[in-house]
Structure formats: C-alpha cells, structure tokens
1. Out of (1) in contact (Cβ under 8 Å) with a residue 40 or more places away in the chain; (2) under 12 Å from the mean Cα position of the chain (by Cα); (3) closer than 24 Å to R28 by Cα, the odd one out for L99 is which?
2. Name, by its number, the condition in (1) in contact with a helix residue (DSSP H, G or I) (Cβ under 9 Å, 6 or more places away or on another chain); (2) in contact (Cβ under 8 Å) with a residue 24 or more places away in the chain; (3) within 16 Å of the ligand (Cβ to nearest atom) that does not hold for I111.
3. Could you please let me know if A18 is in contact (Cβ under 8 Å) with a residue 12 or more places away in the chain, within 16 Å of the ligand (Cβ to nearest atom), surrounded by 12 or more Cβ atoms within 10 Å (Cβ to Cβ) and within 24 Å of I132 (Cα to Cα)?
4. Right, L83: modelled with pLDDT of 95 or more, closer than 23 Å to I30 by Cβ and either in a strand (DSSP E or B) or of a type in the set (F, W, Y) (or both) or not?
5. Check off (1) farther than 18 Å from N71 by Cα; (2) out of contact with any strand residue (DSSP E or B) (no Cβ under 8 Å at 6 or more places or on another chain) for H127 and give me the number that stays unchecked.
6. Anything in segment 63-91 that is hydrophobic (A, V, I, L, M, F, W, C), more than 8 Å from the ligand (Cβ to nearest atom), under 25 Å from V141 (Cα atoms) and buried (at least 21 other Cβ atoms within 10 Å of the Cβ)? List them, or say none.
7. Please work out if P32 is at pLDDT below 95 and either touching a Phe, Trp or Tyr at 6+ places or on another chain (Cβ under 6 Å) or surrounded by fewer than 19 Cβ atoms within 10 Å (Cβ to Cβ) (or both).
8. What number of residues within segment 40-60 are surrounded by fewer than 20 Cβ atoms within 10 Å (Cβ to Cβ) and either without any contact (Cβ under 8 Å) to a residue 40 or more places away in the chain or not in a loop (DSSP other than H, G, I, E, B) (or both)?
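The values are calculated or read from the model by the stated rules, or taken from the named source; none is laboratory data. Only a predicted model underlies this, so the values are computations on that prediction, with no experimental measurement involved. Here the Cβ positions follow ideal geometry from the backbone for every residue, glycine too, while neighbour counts run over all protein chains shown.
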Amino acid sequence: MTSGHPAAPSGQITVRKALATDVPHIQRLIAPYVARRILLGKDDVTLYGSIQQFQIAVDPDGTPIGCGALNVFWDDIAEVRTLALDADWLHHGVGHKLLEGLEGDALALGIGRIFCLTFEVDFFTKHGYLEIGESVVSPEVYAELVRSTDEGVAEFLDLARVKPNTLGNTRMLKVLARGEGGLR
Ligand SMILES: CC(C)(COP(=O)(O)OP(=O)(O)OC[C@H]1O[C@@H](n2cnc3c(N)ncnc32)[C@H](O)[C@@H]1OP(=O)(O)O)[C@@H](O)C(=O)NCCC(=O)NCCS
C-alpha cells in the first residue's frame, strides 16, 4: 500500500479486466481487509482460477489500486465480492467505478440481480442495493446451490457453518433489470 495522498483525481483512474499477473496485486489490496475479517481470504490458486471474474482499477502509472469480482450464482443472480480499495484511494469514486464495471459484466451475462454481503451498507445503498432478509432464490435453486463448495455461496445461503464469518454483515440485493426481481 502506498502512503500519502493520491497523485491523480479519480477521472484519471481506469478500470479494466484483470490479468493473471494481477493476482499478487489482488492479494496486496485485500490483505488489510482480510486481516480485519472484512473480506474472506483467498489462496493464490483460487484467485488464478477465478481471475476472469475480476476488474482492476489502475492509477495513471498502471499500478493497481482497487479490485472487485463478480461471481455468478445462478441464471439471474451473481455476487459482487472481493471489492477492495487501496486505503489511500478511499472516497475518490474508485469503488463506484469498479462497481459500475462489475454491474456491466452482470448485464452482459444477462444477469439482473446482484447480491452482496457487506459492512459498507451506505456505499451499496447509494448504488441502489437494498437490505434483504430471507432467501431470494426459490427452494429448487436453493437445493442446487447448497451443493456448492464455495464459501461465498454458503454465505449467500446463510448456512449455519459460515455464521461466524457473516456476523455483523448486511445482506443486500440490487435488481438491475426491471421486472426480474422475483423468485427464480
Ligand atoms: C466499499 C469500498 C470499495 C468503497 O470504495 P470507495 O472508492 O471509497 O467508494 P467511493 O469513493 O466510490 O464512494 C465512497 C464515498 O466517497 C464519495 N466520493 C465519490 N467520489 C468522490 C470524490 N471524487 N471525492 C470525494 N468523495 C467522493 C462518495 O459519494 C461516497 O460517499 P459516502 O462515503 O458518504 O458514501 C471501500 O470502502 C472498501 O474497499 N471497503 C472494504 C472492503 C469491503 O467492505 N468491500 C465490500 C464488500 S465485497
């Protein structure tokens, strides 16, 4: 992580698809949040295997300063995960740019609903996410999702074994496409 103030306004920040060589940068960016139990830690092998899910924000020098991923759960629902900013760049609109990029990826995949599990309720509320309580998938889809070994899916389903990870987090959902917010 760099120190001091950002050298450039957010207008000079670019958001691009991740490269495989970004994995060490993703680890650097998420490390402080993993240490504070705000984000789930990921092994390198998991990040390489899911690198296509990631968008990276880079400063004018090309240095990665933020990352975020879109993980598809089912045919109309995905999760924004591993969204993290270099602390020097917080509150400069970079998180907004990354989230916009990930929502664009969802729309390109024909996905109309995005879930997130977060402590950053204000940030996501400002971006149209609403707090949800119970499951937002049908019992049939739930029965399929419960077969997943992915920890994020377990958190989405609110399974008892991941409750210690989710304590204090808020479950939120955004409907991107009008008329597609029902149970699927
Ligand atoms: C959530 C997170 C990615 C937001 O990143 P961010 O870049 O600070 O977000 P933004 O700058 O787009 O928006 C944050 C605030 O800055 C404000 N802002 C936007 N552009 C700005 C600018 N140019 N100058 C000053 N403020 C600005 C926004 O209005 C917003 O205001 P708010 O704090 O009152 O809500 C960041 O806080 C983070 O990494 N959190 C830890 C990890 C996490 O919890 N991730 C989410 C779950 S996966």
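1. Result: L99 passes all but (1).
2. (3)
3. Answer is no for this residue.
4. It is true that L83 is modelled with pLDDT of 95 or more, closer than 23 Å to I30 by Cβ and either in a strand (DSSP E or B) or of a type in the set (F, W, Y) (or both).
5. Here H127 meets the rest and fails (2).
6. Of everything in segment 63-91, those that are hydrophobic (A, V, I, L, M, F, W, C), more than 8 Å from the ligand (Cβ to nearest atom), under 25 Å from V141 (Cα atoms) and buried (at least 21 other Cβ atoms within 10 Å of the Cβ) turn out to be A69, L70, F73, I77, A78.
7. It is false that P32 is at pLDDT below 95 and either touching a Phe, Trp or Tyr at 6+ places or on another chain (Cβ under 6 Å) or surrounded by fewer than 19 Cβ atoms within 10 Å (Cβ to Cβ) (or both).
8. So the answer is 11.
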